[in-house]
1. Check B:Leu136 against each of (1) at pLDDT 95 or above; (2) more than 14 Å from chain C (Cβ to nearest Cβ) and name the one condition it does not meet.
2. Being modelled with pLDDT of 95 or more and in contact with a Phe, Trp or Tyr (Cβ under 8 Å, 6 or more places away or on another chain) is the requirement here; does A:Ala33 meet it?
3. (1) in contact with a Cys (Cβ under 7 Å, 6 or more places away or on another chain); (2) free of Cβ contacts under 8 Å to residues at least 40 places away in the same chain; (3) not aromatic (Phe, Trp, Tyr): which one isn't true of B:Ala225, the others all being true?
4. Give the number of residues within the range A:187-205 that are buried (at least 19 other Cβ atoms within 10 Å of the Cβ) and among the small types (Gly, Ala, Ser).
5. Where residues in the range A:207-226 are part of a helix (DSSP H, G or I) and over 23 Å from C:Pro197 (Cβ atoms), which of them is farthest from the other protein chains (Cβ to nearest Cβ)?
6. Pick from the range C:55-78 the residues that are part of a helix (DSSP H, G or I) and in contact (Cβ under 8 Å) with a residue 24 or more places away in the chain: which of them is farthest from C:Pro168 (Cα to Cα)?
7. Please work out which residue is farthest from the chain's Cα centre (by Cα), limiting yourself to the range B:140-170 and to residues that are closer than 25 Å to B:Pro102 by Cα and in a helix (DSSP H, G or I).
8. Got at least one residue in the range B:172-186 being surrounded by fewer than 21 Cβ atoms within 10 Å (Cβ to Cβ), free of Cβ contacts under 8 Å to residues at least 40 places away in the same chain and not small (Gly, Ala, Ser)?
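The values are calculated or read from the model by the stated rules, or taken from the named source; none is laboratory data. Everything numeric here is computed off the predicted structure, so don't read it as measured data. Methodologically, a virtual Cβ is constructed for each residue, glycine included, from the backbone with ideal geometry; neighbour enumeration extends over all protein chains shown.
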Amino acid sequence: MATYVLIHGSWHDGSAWQPVMTRLEKLGHTAHAPTLAGHGADVDKSVNHNDCVQSVVDFIVDQDLTEVVLVGHSFGGSIIARVAEEIPDRLRRLVFWNAFVPEPGKSLIDQIPPHYKEMFHALAAESDGDARTIMLPFPLWRDVFIQDATLEEAQAAYEQLSPEPFQPFVDTLDLQRFYELTIPKSFLNCTEDTALPPGEWGWHPRMSSRLGLHRLIQMPGSHEAIFTDPETLADNIVLAGRD
Amino acid sequence: MATYVLIHGSWHDGSAWQPVMTRLEKLGHTAHAPTLAGHGADVDKSVNHNDCVQSVVDFIVDQDLTEVVLVGHSFGGSIIARVAEEIPDRLRRLVFWNAFVPEPGKSLIDQIPPHYKEMFHALAAESDGDARTIMLPFPLWRDVFIQDATLEEAQAAYEQLSPEPFQPFVDTLDLQRFYELTIPKSFLNCTEDTALPPGEWGWHPRMSSRLGLHRLIQMPGSHEAIFTDPETLADNIVLAGRD
Amino acid sequence: MATYVLIHGSWHDGSAWQPVMTRLEKLGHTAHAPTLAGHGADVDKSVNHNDCVQSVVDFIVDQDLTEVVLVGHSFGGSIIARVAEEIPDRLRRLVFWNAFVPEPGKSLIDQIPPHYKEMFHALAAESDGDARTIMLPFPLWRDVFIQDATLEEAQAAYEQLSPEPFQPFVDTLDLQRFYELTIPKSFLNCTEDTALPPGEWGWHPRMSSRLGLHRLIQMPGSHEAIFTDPETLADNIVLAGRD
């Protein structure tokens, strides 16, 4: 039985993993889903990318977790790549679920299509808190992120989102060490995930191919299978995360 | 419950949608499947692209349909894009099912691979009616369009096809207005559809990406799921067409 | 009912097809799975590509098989393309299952990514038999070839592999005649097959598109569905191989 640490993506917090954790635990595994620094409702959004990374490192070290299967979703991919640089000896495998595998020396926002980049900069400029944040517009959420939900489910899930701190998107990530690590890696691809548009800018094989030798697992579903099909997601995380 | 208007592709007529309509109606929806001008057996094939468009506009206006989910298959994609320019206020969503999303200022035949373009021009030159038409050669139909049928099913479906008027293939389509419309759009992709060859000339993401913000739905099946799996097709049209 | 001749890929021998054959025979078909020259345990590995081809030609001619559906997996694709040049009149259809469709005048090793090419040359240089051979490293097998097995299944299947003669990989294949044959062709694609990395170097549509007019069939599974899902594989070979 394995120990999973599940890292959410932008606009989410750790609570979104609950149905996945329930399934993993039912299968006999241990699962944790910490919330990244600056994420969730009613918290200080003045964080940078490294603060997010450090919050996961601290969680794993404080709980003294070892042989961890570290799973990152979407933005969370950039987090687990950096966590792997910090505490490689505690990790058994990295699982990137439709996740960013950032190129060394680039920021996250360099990895998305120009029209999204522009939109995110505009949303950040309009944000009115102490720190710049961005909120995902609902029409984009409904049709591009969670198209496999009913409108009502899409609305309910949207209510659970919170504004995303912008600084982690624009921080340059070194990641030289990540690309030298020999920790086994998997990429889990939901075949209808259009949060990055299929093709030139898509998740797969653009992000997956950067992992070098890795295991590919695919399942049907949108970017938000965490809401729309958490049991199948959990089962495929197991296929991606096992030895 | 929604109102669907289903627009067939080349060589087909509205009757091919009957099993899909039966399923949609069983689910409580209303469904219509008009035959495009110049399509079907024993009709005058002297039509251009605009005649096809106008026949759908007339159908929707005559029946006074509103809040229409307008679905176009294959060639039908070029029709619904133009219909949307004419009567946008009557449409709730456009669904392109493995359908052409033509570039502005191009004709349909500009969107297909050179070897098909050549073959279609040759077939049109050989046609012997008053108007130039093309018929799909059976070997292409069987292996490339309807490979998920038995040979007998493929033959039976072929019997229902009729020669396609050629003029609509070569008419230049302006479509400037289409690309400015904000009607919600979906692309339904059958993952084994090889009517356009996968890759550089494929349906997805080549055609789908032209829609800009849109919802992607995928299902297994060939270009002719209308014959080989109409119930699953209907169910996915609902997923593509709902709010 | 059809007659199938099933040609294995590198590191395999004919015995790997046994569960597929059992299923095909249960469906009423006839199935044969000869082992290529120089393949399997305890045989002379001093063979070239043509020896492998000739061993299949001899098998089909000796058994006087006609109307054969000839199936090639992986490396076996390069074999069936050459067999088709030698005895076209005995073949009813060619089925390439995630298989090489080599370009004329190239060798097999020209069709794989540079990092694999380099690795295979290094493994061949290190081999210590009379003939140069290569063995697939287990980590590559486990994560890239057979990721849909458990670790134990992956290990058990690995035990059935044997070193692959290297000469057939580097022999130049003419194949001019193959590209002029009108034998019907199918490509069966396992959607999680990463033995060739998805994208620029992938099986599909890179290899499939070289077939020209062909039938595409897809199923879920890794490169080694022969071990992990032989019944579904057999059923899809039937869909690919029927008229």
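1. (2)
2. Against the criterion (modelled with pLDDT of 95 or more and in contact with a Phe, Trp or Tyr (Cβ under 8 Å, 6 or more places away or on another chain)), A:Ala33 qualifies.
3. All conditions pass for B:Ala225, except number (2).
4. 2
5. Applying the filter and picking the extreme gives A:Ile226.
6. Here the answer is C:Val61.
7. Going through the qualifying residues, I end up with B:Leu140.
8. The answer is yes; a qualifying residue exists.
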